[in-house]
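First the structure, in the form of structure tokens, and then the observations on it.
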Amino acid sequence: MYATRAMRMFQPTRAMMRPVPKEEQAAHTISQRLRRLRQIPAELLPLGVVVGFAVCAAAYSCTRHLVTDKTIRLKRQNRAADAAAAAAHGNEH
């Protein structure tokens, strides 16, 4: 006898019958993760060095600019004057 449509509803699908694949990152120790660094292609290492240097240079440049430049307004000052200037600017047009 063939399975009827009603009986097929209660059977697990083919995808559910297969075992769940193991994740590559599940419960790895630090040493196991460091060993995986060897799998990175050698062509990508110089790219990683250049990108890392660029990120460090950008962070240094931004930090140096914020620390040494005393003319930067980091917070609003004299809000009444700003509002008056905005109103005067709006009336000109």
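The values are calculated or read from the model by the stated rules, or taken from the named source; none is laboratory data. All of these numbers come straight from a predicted model, not from anything done at the bench. Please note: Cβ atoms are built from the backbone with ideal geometry, for glycine as well, and neighbour counts cover all protein chains shown.
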Quiz item: List pairs: first in region 59-82 and exposed (fewer than 10 other Cβ atoms within 10 Å of the Cβ), second hydrophobic (A, V, I, L, M, F, W, C), Cβ under 9 Å, 6+ apart or cross-chain?
Solution: I72/L66; L74/L66
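Please find, within region 48-93, the residue that is farthest from R38 (Cα to Cα) out of those that are of a type in the set (K, R) and at pLDDT below 80. Outline the logic, then answer.
Here is the first cut: in region 48-93, the ones of a type in the set (K, R) are 64, 70, 73, 75-76, 79.
Then keep just the ones that are at pLDDT below 80; that gives 73, 75-76, 79.
Numbers: R73: 47, K75: 47, R76: 50, R79: 57 Å.
Of everything passing the filter in region 48-93, R79 is farthest from R38 (Cα to Cα).
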Self-check item: Among (1) at pLDDT 70 or above; (2) exposed (fewer than 10 other Cβ atoms within 10 Å of the Cβ); (3) out of contact with any helix residue (DSSP H, G or I) (no Cβ under 9 Å at 6 or more places or on another chain), the one test that M1 misses
Solution: (1)
Practice problem: Kindly check whether there is at least one residue in region 35-45 that is surrounded by 10 or more Cβ atoms within 10 Å (Cβ to Cβ), at pLDDT 80 or above and of a type in the set (K, R). | Solution: yes
